[in-house]
Amino acid sequence: MISNELQTAITRRALLSQSACGIGATALSSLLSDDRVQGATMFGNGPAKRVIYLFQSGAPSQFELFDHKPGLDDLHGTELPAEFFAGQRQTGMTATQKKQVCRSIYEFRKHGDSAAEISENLPHLASVADDLCIIRSMQTQAINHDPAITFFQTGFQQAGRPSMGAWISYGLGTENRDLPAYVVMISEGSALRDSQALYDRLWGNGFLPSAHQGVKFRAKGDPVLYLSNPAGVSSAQRRDILDLTNALNQQHFDRLGDPETLARIRQAELAFRMQTSVPGLLDTSSEPQHVFDLYGDNSRIPGTYAANCLLARRLAEQGVRFIQLYHRGWDQHGDLPRDLPLQCGDIDQPSAALITDLKQRGMLDETLIIWGGEFGRTVYAQGGLNMERYGRDHHPRCFSMWMAGGGIKSGMTWGQTDDFSFNVVENPVHVYDLHATMLHCLGVNHERLTYKFQGRNYRLTDVHGRVIEELLA
């Protein structure tokens, strides 16, 4: 178990209160020279050094992408009986409608030596099929977007818990003192349907020290809010202001021992260093033409998924520990034939390019890539069987994701669903299992990465989760 920073601070306060002011300053200086928390040295010996999580907000349909169900062609239009849904949750959008089986209109083919079945919507990902580990048997608990997204990010359906990136920052710290350990970027999908909202709490620190919250990089204006100095304030003046503020905060910490004071000092120092490190990092003009060709034309347009994938590689090169890309627009209750190809056009080439780029640079083996949404989609059509406008409702019981690199087996497909992709029939993988396996790849025991809050030791996987050993390289 990792020590609670509050207990560490209390012990430190007792020492400082009985020591000369010089010792207090030295102790604080030592704290600021190492951004890793107490106990972090116990972890970090896994094959992966970092995670790039490509979160597809809105929930892509497994039927149209990774879970081929050719048997639905013969069952298309038949109605599923009520007993088929006995004891299972349904959304209010389709609970009372006829449940008519809906085939997919897209073709699947086998690709690579692994013979992975991938939809025609993803030709670029199909070209790197032998680098993928496709999981068809994901399961979650939530059936609506916000609790489902919150559950994936924090291991709990209600807001308030630390996000997975915050847990990793807390457990492993950063490899680059000039950049955050946890960076978030958001892109808007090309689908015409309205997107689900994304809240800053999804990359929040919860009850962990605030130094571990995610830092959102923006596509317009300052990449990080208030990063630039105000008009008329020079860098030297900003340094003087920061030194004075740090001195006042140090006095407050010496007197009260509040660990949040240390977090504020760390964040202020990091923000000062980021004034130099971030602008150059986000300027991709130095990238050669063949890199832009690899990621696609949109990689030159700030804020697009392609541009963010390229930035994710640059952040990984600079030692950022957890990089999360949110791509909105996958909530296809209707007009799936219109919107899903647009979404796939956004993510297909850049996702494959990220794998190829990292592999060419010798970084894929130490970078774990995760791709997927918050749940899956129903076998029955929402709103009828108009195959030019059909859609699918939410389905938490089984859906598909993929992983690559960072200690995960390549060229494999794991898990199996029934003929309707309604229930998992072989090798289920729960969200908690995904979290446990991700942490294992980083060299972290998910049962030991804990934080004591309000008398209880919390962890990302709560009291659940197991490492899926069969997925490990």
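The values are calculated or read from the model by the stated rules, or taken from the named source; none is laboratory data. Being a predicted model, the structure only gives us computed values, none of them experimental. Positions of Cβ are backbone-derived with ideal geometry, glycine not excepted, and every protein chain shown enters the neighbour counts.
Computed values, structure above
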{"item": "Qualifying residues in the range 212-233 (those that are hydrophobic (A, V, I, L, M, F, W, C) and closer than 18 Å to Q275 by Cβ) - the one surrounded by the fewest Cβ atoms within 10 Å (Cβ to Cβ)", "result": "A231"}
{"item": "Only listed residue being surrounded by fewer than 24 Cβ atoms within 10 Å (Cβ to Cβ) and either among the β-branched types (V, I, T) or without any contact (Cβ under 8 Å) to a residue 24 or more places away in the chain (or both), chosen from D200, D178", "result": "D200"}
{"item": "Odd one out for L434 among (1) in a loop (DSSP other than H, G, I, E, B); (2) closer than 28 Å to S127 by Cα", "result": "(1)"}
{"item": "Selection within the range 342-355 - of a type in the set (V, I, T) and out of contact with any His (no Cβ under 9 Å at 6 or more places or on another chain)", "result": "I355"}
{"item": "Residue among L202, L244, L225 that is assigned to a loop (DSSP other than H, G, I, E, B) and either more than 23 Å from T304 (Cα to Cα) or of a type outside the set (D, E) (or both)", "result": "L225"}
{"item": "Single unsatisfied condition, T150 versus (1) surrounded by fewer than 21 Cβ atoms within 10 Å (Cβ to Cβ); (2) outside any strand (DSSP E or B); (3) not hydrophobic (A, V, I, L, M, F, W, C)", "result": "(1)"}
{"item": "Subset of the range 277-305 [out of contact with any strand residue (DSSP E or B) (no Cβ under 7 Å at 6 or more places or on another chain), surrounded by 11 or more Cβ atoms within 10 Å (Cβ to Cβ), at pLDDT 95 or above and in a helix (DSSP H, G or I)]", "result": "V291, F292, D293, L294, Y295, D297, N298, S299, R300"}
{"item": "In the range 177-198, the residues that are within 19 Å of T150 (Cβ to Cβ), in a loop (DSSP other than H, G, I, E, B) and modelled with pLDDT of 95 or more", "result": "L198"}
{"item": "Residue match in the range 402-412 (condition: crowded, with 18+ Cβ neighbours inside 10 Å, out of contact with any helix residue (DSSP H, G or I) (no Cβ under 9 Å at 6 or more places or on another chain) and either within 27 Å of F322 (Cβ to Cβ) or of a type in the set (D, E) (or both))", "result": "no"}
{"item": "Only listed residue being modelled with pLDDT of 95 or more and touching a Ser or Thr at 6+ places or on another chain (Cβ under 9 Å), chosen from I355, I408", "result": "I408"}
{"item": "Filter pass, A312 being free of Cβ contacts under 8 Å to residues at least 60 places away in the same chain, among the hydrophobic types (A, V, I, L, M, F, W, C) and crowded, with 17+ Cβ neighbours inside 10 Å", "result": "no"}
{"item": "Test: residue in the range 428-436 that is farther than 23 Å from I105 by Cα and over 19 Å from the mean Cα position of the chain (by Cα)", "result": "yes"}
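Conditions tested, residue by residue: (1) modelled with pLDDT of 95 or more; (2) farther than 20 Å from I105 by Cβ; (3) not in a strand (DSSP E or B); (4) not hydroxyl-bearing (S, T, Y).
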residue	(1), (2), (3), (4)
S29	no, yes, yes, no
L32	no, yes, yes, yes
D35	no, yes, yes, yes
Y53	yes, yes, no, no
